[in-house]
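Novice: Input: one structure, supplied below.
The values are calculated or read from the model by the stated rules, or taken from the named source; none is laboratory data. As the structure is a computational prediction, the values presented were derived from the model and not from experiment. No Cβ is skipped: glycine too gets one built from the backbone with ideal geometry, and neighbour counts run over all protein chains shown.
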Amino acid sequence: MKSIEHYMELTAGIKCESEGEAEEISVSEIADILYCTPRNAKLILAKLEGLQWIAWKRGRGRGNKSEIRFLKEPCELLLETAKNDTKEGKIDRARHLLEAYQHSCPDALPSYKEWLERVFGFQTESEGSKQKDVLRLMTAMEPEHFKRLDPCRIYLRSESHVVKQVCDTLIRFNEKEGGFMPHLAHHWECGADQKTWTFYLRKGIYFHDGTTLTAEDVKYSFERFMLDDENKCKWLAEDIGNVAVRDEYSFDICLKAKNSLFLHHLCDERLSILNRHQNDGLLIGTGPFRLVRRDDRILALEAHERYFQGRAFLDRIELWYMDGNFSLVDYGFYMEKEEQSRVFDEWHEERNVQYISVNANKSGPLKHKAFRKALRQIISPSHMVSELAGQRTAPAGGFLNRDLPPESGDDDIGKLLMEGHYKGDPLRLYTFSEPDHREDASWIQKRCRRYGIALEVCYMKADELMKEEVIAKADLIHDSATFGRSEEMSWLHLLLTENSFLHVHMPGEWQRKSALMRDQLRFIDEHSKRISLLCEADRALAEEVYTIPLYQNNIRVKAGEAIQGIVLNEEGWIDFYGIWYKKEALL
């Protein structure tokens, strides 16, 4: 039991006639109330006295009782403790504590919910004589991710989103028109052989530490990317021979060979430009927000006052790490007390495909195509979407060819299992611990059990699951693949990134096919032809059942009428840069 629970039990067991009045009681009676030994009762009393929650006067002599006086109103202390737990990221503990004492403190839980609404979401807070617009969100991003925010080493969508707020790339992909837009570089050109690219930087771009961007920072950023031993995405820059600085604001990137996707590569946030003078552990970019805090509880961003594209509307953003499964604040934009007629409520199709990566490198039934086909039939994306529903919209037959049939109803599952030499050995399914992953994994486990397949589900933290040696141990991994912005790049991340589940699980033959396909893509200038080649690979993967695409998601965005500029990005997050808060008129 925690100190607050001991206090609540004592105040309930010792009925004081009036608040703050001393009550006579013996240590043995205290022990009976707390269901512990007299020795432990003394230790608990000493701790509560140290917290200044009680005053304890020991009785002197045999037969003389001690006196206890309670210094805190129990329900107020309960609420205060729940708030402190929440500030430390322990929201599940706070909620369970309030629910446990709901009968004796019925107003505590409603008060806690009101406090959450005041603290999280959009707030206008005073700082000295100024008012600041603050967005405070709960997040499942773990503290390790707060500390590891390095463009070279990101792999989660949430990490990518934060890096995009802090850093900028040389150019950006124009998704609507399919071309490229100037960003840090205002102009670029290439030689006739498409191997030497010259870029010209905008002048007057400031890093968050006040220094200005120069070509030397670009050179540093690319060299740092290529030399980082923990970088799993080195394929993004493996064609770069060297970066040659011409002058303060222009430089050449010399490629080893032509690459038609080179500009696509430069749009990837992993190739963000960093300050060459930054210390290890710091992230100093040029983006619309600067990183001002990252510790075990909070990641905080503040507006970059000299951002070259114009200052953000928000002044501060805080992401609070919360343990457990929570859905109290949907990205901080849902305001429960808003009238329904004044609430922005839209569903957006998420640009992800939920899928299962099948480890064809492990000995056992997954080596056999017949068993993999049986598994796809058993899991049945169509049945999954129909039965689980919720945010799941449409079953997917592929990553690019999403209209491919998700399963073939003509195949006899029993016959396939026999051909696949399945002998009852359990398979291991690894996945993340978020609620949607748990729901999917539990459903898949039940489906497999129905057909006599033993499936052990392991829920893992991202840092553990992304280790290549852990990926190699799994028979199956449940994940989602982002397909937005550039479909070619999304596909290449799946196939080439070293700790991509699909990359680790694919047999050697497909590893070689992926490398060959990447070489082919280098020399194909037309987007449609590149997509055609990737669609063929997508069909082949589906045919061999090295992956089982499941479904696409919808995301619901609810926000009060006052919240303006809501745009969902490819990571499934609200773009912080354009958000602003329309305050009501005073008159």
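Novice: Within segment 506-528, is even one residue hydrophobic (A, V, I, L, M, F, W, C) and within 28 Å of the chain's Cα centre (by Cα)?
Specialist: Yes, segment 506-528 contains at least one residue that is hydrophobic (A, V, I, L, M, F, W, C) and within 28 Å of the chain's Cα centre (by Cα).
Novice: What about residue 41, is it at pLDDT 90 or above, more than 22 Å from residue 99 (Cα to Cα), assigned by TED's automatic domain parsing to the domain that holds residue 99 and surrounded by fewer than 14 Cβ atoms within 10 Å (Cβ to Cβ)? Full working, then the answer.
Specialist: Values: at pLDDT 90 or above: yes; more than 22 Å from residue 99 (Cα to Cα): yes; assigned by TED's automatic domain parsing to the domain that holds residue 99: yes; surrounded by fewer than 14 Cβ atoms within 10 Å (Cβ to Cβ): no.
In short, no.
Novice: Continuing with this model, one more query. Answer yes if at least one residue in segment 49-60 is in a helix (DSSP H, G or I) and modelled with pLDDT of 90 or more, and no otherwise.
Specialist: yes
Novice: Quick one: is residue 114 closer than 21 Å to residue 75 by Cα, at pLDDT below 85 and assigned to a helix (DSSP H, G or I)? Steps first, please.
Specialist: Working: closer than 21 Å to residue 75 by Cα: yes; at pLDDT below 85: yes; assigned to a helix (DSSP H, G or I): yes.
Answer is yes for this residue.
Novice: Being of a type outside the set (Gly, Ala, Ser), closer than 23 Å to residue 391 by Cβ and in a helix (DSSP H, G or I) is the filter here; which residues of segment 449-477 pass it?
Specialist: Of everything in segment 449-477, just one residue is of a type outside the set (Gly, Ala, Ser), closer than 23 Å to residue 391 by Cβ and in a helix (DSSP H, G or I), namely 465.
Novice: Just the residues that are within 30 Å of residue 464 (Cα to Cα) and touching a Pro at 6+ places or on another chain (Cβ under 7 Å), please, taken from segment 415-436.
Specialist: If the condition is that a residue be within 30 Å of residue 464 (Cα to Cα) and touching a Pro at 6+ places or on another chain (Cβ under 7 Å), then 422 is the only one that fits.
Novice: Still on this structure, I have one more. Just to be sure I understand the filter: pairs with C-beta atoms under 9 Å, separated by 6 or more residues or on different chains, first member in segment 459-479 and not assigned by TED's automatic domain parsing to the domain that holds residue 432, second member not in a loop (DSSP other than H, G, I, E, B). Which pairs pass?
Specialist: none
Novice: Within segment 259-307, take every residue that is part of a loop (DSSP other than H, G, I, E, B) and β-branched (Val, Ile, Thr) and give me the one that is nearest to residue 151 (Cα to Cα).
Specialist: 284
Novice: Looking at 554, 499 in this structure, which one is surrounded by fewer than 20 Cβ atoms within 10 Å (Cβ to Cβ) and modelled with pLDDT under 90?
Specialist: Result of the check over 554, 499: 554.
Novice: Here's another thing I want to ask about it. Which members of segment 478-496 meet the condition of being in a helix (DSSP H, G or I) and either of a type outside the set (Asp, Glu) or modelled with pLDDT of 95 or more (or both)?
Specialist: Within segment 478-496, 489, 490, 491, 492, 493, 494, 495, 496 meet the criteria.
Novice: Would you check which residues across segment 391-402 are assigned to a loop (DSSP other than H, G, I, E, B) and either surrounded by 15 or more Cβ atoms within 10 Å (Cβ to Cβ) or at pLDDT 85 or above (or both) and list them?
Specialist: Matches in segment 391-402: 396, 397, 398, 399, 400, 401, 402.
Novice: Then there's this: Just to be sure before I move on: is residue 78 in contact with a strand residue (DSSP E or B) (Cβ under 9 Å, 6 or more places away or on another chain), surrounded by 19 or more Cβ atoms within 10 Å (Cβ to Cβ) and in a helix (DSSP H, G or I) in the structure I sent? Quick ask: steps written out before the conclusion?
Specialist: On the way: in contact with a strand residue (DSSP E or B) (Cβ under 9 Å, 6 or more places away or on another chain): no; surrounded by 19 or more Cβ atoms within 10 Å (Cβ to Cβ): yes; in a helix (DSSP H, G or I): yes.
No: the conditions fail for residue 78.
Novice: Still on this structure: Given the structure, is residue 297 surrounded by fewer than 19 Cβ atoms within 10 Å (Cβ to Cβ) and among the basic types (Lys, Arg)? Show your work before the answer.
Specialist: Details: surrounded by fewer than 19 Cβ atoms within 10 Å (Cβ to Cβ): yes; among the basic types (Lys, Arg): yes.
Yes, satisfied.
Novice: Of all the residues that make up segment 175-225, how many are among the charged types (D, E, K, R) and surrounded by 17 or more Cβ atoms within 10 Å (Cβ to Cβ)?
Specialist: The qualifying residues number 3.
Novice: Can you tell me which residue is nearest to residue 148 (Cα to Cα) among those in segment 457-471 that are surrounded by 13 or more Cβ atoms within 10 Å (Cβ to Cβ) and at pLDDT below 90?
Specialist: Checking each candidate, the answer is 463.
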